[in-house]
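Computed from the coordinates by the stated procedures, all read-outs in this text should not be read as laboratory data. Remember, predicted model here, so these are calculated numbers, not experimental data. Virtual Cβ from ideal backbone geometry, glycine too; neighbours counted across all protein chains shown.
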Amino acid sequence: MAAVVVYILRHGETQENRAGVMQGHLDTELNAAGIEQAQVTAEALEKVSFVAAHSSDLSRAIKTAEIVLKKHPGVELQKHEALRERYMGDMQGVRISEWEGPMPANMEPAADFATRADQWWKKSVQSYVSSVTSRRGGATSEGPAHILVVSHGGLIRVLLQGLIGSRHVRCAEGVDVGRYRCSNASVTVIEVDESGKGTLLLFADTAHLDVELVEGNVDVVDEGK
């Protein structure tokens, strides 16, 4: 039986997304399109009874979460540095089309980024699953707790790669993660059972968005180039 259902959102669009600028830890704001995307997403999730909410501590993620939570008064937003996008070093603030040469030496190592995402999941989601299971004491009549998470495309990518690669999460039939790319304000849903094992029910879904979206995510880079 599901103990927790986690709804993972990528933040709404920023002007830097639109311009192809690598943001990383830059504290950028939602643009008008990003605010609209967050509002539409909030309406789509209005009937979900969230009991907890988490976001990156960067403004674009916080604002997206706050717009969604307007439909869920009383749910406190917890902000985490661990949910930030990958630190891009000297690439931050630069258009991807203008960057030449190898990846900067001061970029956050891929292994450290993946570990950061995994540790956040264990600390915030797995521990919550354990507390829910303990509180229920084996009772199965109570429905799952719903958790909102708002983060960044790169973080969502490495989190899912780690969870699926370690077999802590499996894909439901018909769910295709492809190259793990997700658009602004897309929704990913993971159902976690009482043992801590999860099922990916939905990945990077944008069916609720009837607005133009930026293709790709320049903060997700191919380090083989």
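Positive-end ranking of Gln39, His54, Ala2 along the dipole of segment 1-64, with charges on Cβ about the Cα centre, is headed by Ala2.
For Arg136, what is the net charge nearby, where nearby means another residue's Cβ is under 14 Å from its Cβ and Lys, Arg count +1, Asp, Glu -1? Overall, the nearby charge balance is -2.
Charged side chains reduced to their Cβ positions (Lys and Arg at +1, Asp and Glu at -1) give segment 2-213 a dipole of some 580 debye around its Cα centre. Taking 17 Å as the cut-off, the amide N atoms of segment 1-38 that come nearer than this to a point 7 Å along the Cα-to-beta-carbon line of Ser134 belong to 3-4.
Mind checking which lysines have their C-alpha under 18 Å from Lys70, skipping anything on the same chain fewer than 8 residues away? Counting by Cα, and skipping residues close in sequence, Lys70 has these lysines nearby: Lys47, Lys79. What the Cβ-Cβ distance of Glu142 and Ala110 gives, at R0 = 30 Å and to the nearest 0.05, is a FRET efficiency of 0.15. Using every pair of separate Cα atoms, the Kirkwood estimate puts the hydrodynamic radius of the chain at 17.8 angstrom. Projected label points at Glu66 and Ser195, each 7 Å from Cα along the beta carbon direction, are separated by 4.2 nanometres.
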